[in-house]
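A.B. asks: Pasting in a structure now, in structure tokens, and then I'll have a few things to ask.
The values are calculated or read from the model by the stated rules, or taken from the named source; none is laboratory data. Everything numeric in this text was worked out from a predicted model, so none of it was measured. In this analysis, Cβ positions are derived from the backbone assuming ideal geometry, glycine residues included, and neighbour counts consider all displayed protein chains. Accessible surface areas use protein heavy atoms only, side chains included; no ligands, DNA or RNA. Shrake-Rupley method; radii C 1.70, N 1.55, O 1.52, S 1.80 Å.
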Amino acid sequence: MLRCQKVEMSNSLELGKKVIKEKIPLIPKNPGIYRMISVSGEILYIGKAKNIPNRLKSYVSDTNLPIRTERMLSLTHNLEITTTNNESEALLLEANLIKKHKPRFNILLRDDKSFPYIYIGHKDKWPQLTKLRGKKSRNGYYFGPFASIGSANWTIKILQKIFQIRVCDDTVFKNRERPCILYQIKRCSGPCVGHIEESQYKRTVSDAIDFISGKSRRIQKSLSKDMELASKELDFEKAAIARDRIKALTQIQTSQKINQTNLNEADVVSIYKESGKTCIQVFFFRSKQNWGNQAFYPKHDTDDNVKEIMTSFLTQFYENKVVPSMIITNTEVKDLKLLENAFSQKEKRDVLIKKAKSKDEVNISKLAEKNAKQALTQKLYQTESNNNLIEGLANKFDLNNNINLIEVYDNSHNQGSDSIGALICFGNEGFIKKRYRKFNIKNEKVKNDDYGMMKEVLFRRFSKAVKEKSGSLTLPELILIDGGKGQYSVSREVLNELGLHDLPILAVAKGKNRNAGEEKIYHENKEYILNKNDPLLFFIQRLRDEAHRFAISTHRAKRKSGLSKSLLDQIDGIGKQRKRSLLNHFGSARSVESASLEDLKSVEGIEESMAKKIYDYFHE
């Protein structure tokens, strides 16, 4: 049997090489990217080359190809080419397509996302301090990226404390009649009600911009002068405000959040590999401040070396992000000059990529590497622990030992209204958030029936999977249901109807008094009660509770959305802006309903004809 499989692979390998051989004479000797395509149309691999035919020749002429490359070639049925003007363009296009198609034989950056920035509008009369993600379409000052929302929130909190800049949105700001609690706790200067002059407010905004740009010493000197001058003029209240700001500034400067290095605009990227897995830590330094760090776990073959992984990570990571003027790594980077040219071309300024050399650079790089090691160790331990729990679950209930994916289902409704079904997923690396799904219950007859809801959810999910059996519809190896014998029976009935007789189900019912630890678990025709201290029981509870949390939060979001739409959205001509103005002015849709015609006319953006239409809608 094994010999037969080797012969088949060898034949497929030769066929794959033949496909490439036949294409090579037809391809121009230009830079560009190539795509290996399977018989089903799946993109197996995306590569770049300075000279595409020369690169492809190595696949058919080399006799000692890596096993992974041989597997890839044995699956190759077609080859597609895209030429570019230069190699730098090819590199950027390769990164873009890898992130888009996620070919199985490429090194892949997972959990990629946009990072938050802090934004201050410089043309506004009363500039606002806020967080932004995504495209920078508004005019103003952007500071970032910050590694997390937490890092950005921390910095905003500090800016509020020192400079007392408003954070409320424009609609709230324009409709305030008295200052909010932020003014009372000295986090805002109260510009909404005229507690600060426009010129003075803009000066504090300018100081905040200087501070976040790294000019904190100048700000401190300026505040000291203000305090002395106010004291001489016997304006002790003003002097006390300046004193409090100086104290806050001093506290920040001694905080670990400010890093005393010369890294004005740099990302420190360190890699650590162990047991065939890799963690990459990115530290963001801007204006000599550490704006946080983030861990990434790229997907790659166990044989890939750190140089290849680092290079692939950098191209994909910065594909949709602003590249800093300097990137410091703890390892050599493949195609260094090419990468620098590509990034410089993208940003229209010089970008330097270098391995840490100076004492400060080495220290920071080692710190990032230490963080990468700790994060990877924790992840490996967590993965091993999850594997042990999944294996224990399989042994306890006599299931197939090869369980890679568990799906957990729960329902939520409020006496039949806003009924939803929830699906969460768990694998050996933990909860898989991107596979979470919600199901709005469509059948009106079952919206108050837990059994009927479960049947609808499972039928919709698995009937689609049975038809397509691909991508996110991949079948799990185990299903966990929040419920008892009844839920187990209807779930088994649905799966059997779809031909999924071998897909195991566990149903978890709360105990007699609904206390944790008294759960009953149903599988096939047996009832199980686990020991209160059994790790498997804790594991099952964790899965059940996460499904319940997701179901409840999704249900609440749906109910909240429904409440906000119940009245105003039914009036013709009320769009998002007018609705927001009305709610900010009156506080609720019910208050709008009881408002007088004169009150409605006084709302900004509501002209007389619209005010009459709203009034008539509620009073006719």
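A.B. asks: Among the candidates G140, G121, single out the residue that is open to solvent by less than 50 Å² (accessible area, probe 1.4 Å), touching a His at 6+ places or on another chain (Cβ under 8 Å) and without any contact (Cβ under 8 Å) to a residue 60 or more places away in the chain.
C.D. replies: Details: G121 fails: touching a His at 6+ places or on another chain (Cβ under 8 Å).
Among G140, G121, only G140 is open to solvent by less than 50 Å² (accessible area, probe 1.4 Å), touching a His at 6+ places or on another chain (Cβ under 8 Å) and without any contact (Cβ under 8 Å) to a residue 60 or more places away in the chain.
A.B. asks: Restricting attention to segment 592-620, report how many residues are surrounded by 13 or more Cβ atoms within 10 Å (Cβ to Cβ) and modelled with pLDDT under 75.
C.D. replies: Result for segment 592-620: 1.
A.B. asks: In this structure, does L367 turn out to be farther than 21 Å from F284 by Cβ and within 26 Å of the chain's Cα centre (by Cα)? If you could, list the steps in order and put the result at the bottom.
C.D. replies: Values: farther than 21 Å from F284 by Cβ: no; within 26 Å of the chain's Cα centre (by Cα): yes.
Here the answer is no, as L367 does not meet what is asked.
A.B. asks: Every residue in segment 54-70 that is of a type in the set (D, E, K, R) and either open to solvent by less than 80 Å² (accessible area, probe 1.4 Å) or in contact with a helix residue (DSSP H, G or I) (Cβ under 8 Å, 6 or more places away or on another chain) (or both), please.
C.D. replies: Those that are of a type in the set (D, E, K, R) and either open to solvent by less than 80 Å² (accessible area, probe 1.4 Å) or in contact with a helix residue (DSSP H, G or I) (Cβ under 8 Å, 6 or more places away or on another chain) (or both): K57, D62, R68, E70.
A.B. asks: Follow-up question, since we're still on this one. Being under 18 Å from I156 (Cβ atoms), modelled with pLDDT under 85 and over 16 Å from the mean Cα position of the chain (by Cα) is the filter here; which residues of segment 91-130 pass it?
C.D. replies: Of everything in segment 91-130, those that are under 18 Å from I156 (Cβ atoms), modelled with pLDDT under 85 and over 16 Å from the mean Cα position of the chain (by Cα) turn out to be G121, H122, D124.
A.B. asks: Mind checking whether some residue in segment 5-21 is open to solvent by 70 Å² or more (accessible area, probe 1.4 Å), free of Cβ contacts under 8 Å to residues at least 24 places away in the same chain, outside any loop (DSSP other than H, G, I, E, B) and under 20 Å from T311 (Cβ atoms)?
C.D. replies: No, segment 5-21 contains no residue that is open to solvent by 70 Å² or more (accessible area, probe 1.4 Å), free of Cβ contacts under 8 Å to residues at least 24 places away in the same chain, outside any loop (DSSP other than H, G, I, E, B) and under 20 Å from T311 (Cβ atoms).
A.B. asks: Follow-up. Hey, could you check segment 165-219 for residues that are of a type in the set (S, T, Y) and not in a helix (DSSP H, G or I) and say which is least open to solvent (accessible area, probe 1.4 Å)? I'd like the intermediate steps shown before the answer.
C.D. replies: So in segment 165-219, the residues of a type in the set (S, T, Y) come out as 171, 183, 189, 199, 201, 204, 206, 213, 216.
Okay, now just the ones that are also not in a helix (DSSP H, G or I), so 189, 213.
Details: S189: 10, S213: 43 Å².
Ranking the qualifying residues of segment 165-219, first place goes to S189.
A.B. asks: Which pairs have Cβ atoms under 7 Å, sit 6 or more apart or on different chains, and link a residue in segment 47-64 that is at pLDDT below 90 to one that is open to solvent by 40 Å² or more (accessible area, probe 1.4 Å) and among the basic types (K, R)?
C.D. replies: Pairs that qualify, where the first residue is at pLDDT below 90 and the partner is open to solvent by 40 Å² or more (accessible area, probe 1.4 Å) and among the basic types (K, R), are V60/K21.
A.B. asks: Given the structure, is K447 basic (K, R) and surrounded by fewer than 17 Cβ atoms within 10 Å (Cβ to Cβ)?
C.D. replies: no
A.B. asks: If a residue counts only when it is open to solvent by less than 80 Å² (accessible area, probe 1.4 Å) and in contact with a Gly (Cβ under 8 Å, 6 or more places away or on another chain), which strands (runs of 3 or more DSSP E) contained entirely in segment 281-395 have at least 2 such residues?
C.D. replies: 289-296
A.B. asks: Scan (1) part of a helix (DSSP H, G or I); (2) open to solvent by 70 Å² or more (accessible area, probe 1.4 Å); (3) modelled with pLDDT under 90 for the single condition D502 breaks and write down its number.
C.D. replies: (1) is the only condition that D502 fails.
A.B. asks: Can we say L405 is open to solvent by 10 Å² or more (accessible area, probe 1.4 Å), modelled with pLDDT of 90 or more, on the phi < 0 side of the Ramachandran plot and not β-branched (V, I, T)?
C.D. replies: Here the answer is yes, as L405 does meet what is asked.
A.B. asks: Are any residues in segment 370-391 within 30 Å of Q541 (Cα to Cα) and over 21 Å from the mean Cα position of the chain (by Cα), and if so, which ones?
C.D. replies: Result: Q374, T377, L380, Y381, E384, S385, N386, N387, N388, L389, I390, E391.
A.B. asks: Identify the residue in segment 516-544 that is open to solvent by less than 40 Å² (accessible area, probe 1.4 Å) and among the aliphatic types (A, V, I, L, M) and, among all such residues, is nearest to F431 (Cα to Cα).
C.D. replies: The qualifying residue nearest to F431 (Cα to Cα) is L543.
A.B. asks: Please list, ordered by first then second residue, the pairs with beta carbon atoms under 6 Å, 6 or more apart or interchain, first in segment 84-113 and at positive phi, second open to solvent by less than 20 Å² (accessible area, probe 1.4 Å) and hydrophobic (A, V, I, L, M, F, W, C).
C.D. replies: K102/L108
A.B. asks: For segment 545-558, give me each residue that is of a type in the set (A, V, I, L, M) and surrounded by 15 or more Cβ atoms within 10 Å (Cβ to Cβ). Spell out how you get there, then give the answer.
C.D. replies: If we filter segment 545-558 for residues that are of a type in the set (A, V, I, L, M), which is where we start, we get 547, 551-552, 557.
Once the filter is applied, which keeps residues that are of a type in the set (A, V, I, L, M) and surrounded by 15 or more Cβ atoms within 10 Å (Cβ to Cβ), segment 545-558 yields A547, A551.
A.B. asks: Further question: One residue is enough: does segment 46-53 have a residue meeting the conditions among the charged types (D, E, K, R), more than 30 Å from F317 (Cβ to Cβ) and open to solvent by 60 Å² or more (accessible area, probe 1.4 Å)? First the steps, then the outcome.
C.D. replies: If we filter segment 46-53 for residues that are among the charged types (D, E, K, R), which is where we start, we get 48, 50.
Filter again for more than 30 Å from F317 (Cβ to Cβ), leaving none.
No - not one qualifying residue is present in segment 46-53.
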